[in-house]
Amino acid sequence: ELCINTFDINQYRNVKFEKKVVIPLTVSTDVTVRKMTSADFSCWLEMRTLLWPDCPIEEHKQEILEQLNSPQSLQAFIIELQSEPIGFLEAAIHQNAHRQFGQAGYIEGWFVKGLYRMRGYGKNLVEAAETWTVEMGYSQIASDTEDFNVGSIVAHNKLGYIEQFRADGEVKFIKSIH
């Protein structure tokens with residue numbers, strides 16, 4: 001198990017440890033990754049606002065509806081641990097990934113709640129998107145992240161994504177899949 005000490009942020013100069021939170025490191029076998037449905041709207045909206053806090057709520061809602069109505073080109077996946085949503089991934093088919101790789105699947109957004117990161121749940125979501133991409137008839141999947149997001153860059157590399165180039169503050173990745 002992992003112990004994390006919490007502290008009173010109001011006294012940040014004199015960090016005072018108040019209580020321990022114990023988080024078991026064992027990964028439950030009660031994990032489900034599935035395609036999102038309209039029944040997931042509220043939890044999807046909640047997680048989207050955590051991933052993209054600067055995006056207006058109405059825009060989030062519109063994009064969720066667009067994804068639900070375009071299953072041939074857009075697909076979202078949710079991961080649940082003991083029926084509790086802990087993350088999601090949104091994927092799309094791009095006609096010209098990164099303007100140079102042709103048609104490919106594309107990871108548009110990828111999010112796992114903080115307490116569940118670095119335990120393989122993000123990998124489960126990415127594998128679902130890769131499987132969907134192959135089912136749609138494509139052999140490559142692309143992605144990007146901000147160039148300051150070191151955790152995301154490392155995660156992409158660990159999952160076999162190859163950095164292709166950097167532009168406009170983003171790192172662009174591609175991966176061949178079969």
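The values are calculated or read from the model by the stated rules, or taken from the named source; none is laboratory data. The model shown is predicted, which means the values in this text are computed figures rather than measured ones. Heads up, the Cβs are rebuilt from the backbone with ideal geometry, glycines too, and the neighbour counts pull from every protein chain shown. These accessible areas exclude ligands, DNA and RNA; they are computed on the full protein's heavy atoms, side chains included. Shrake-Rupley method; radii C 1.70, N 1.55, O 1.52, S 1.80 Å.
Computed quantities for the displayed model
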| item | result |
| --- | --- |
| Answer from Val31, Val22, Val27 - the residue that is at pLDDT 55 or above, of a type in the set (Val, Ile, Thr) and over 17 Å from Gly109 (Cα atoms) | Val31 |
| Residue that is farthest from Ser73 (Cα to Cα) [pool: residues in the range 163-174 that are open to solvent by less than 40 Å² (accessible area, probe 1.4 Å) and in a strand (DSSP E or B)] | Ala167 |
| Qualifying residue in the range 77-89 (condition: at pLDDT 95 or above and within 25 Å of Phe165 (Cα to Cα)) | yes |
| Elements of type strands (runs of 3 or more DSSP E) contained in the range 46-162, each with 1 or more residues being polar (S, T, N, Q), in contact (Cβ under 8 Å) with a residue 40 or more places away in the chain and closer than 18 Å to Lys172 by Cβ | 140-146 |
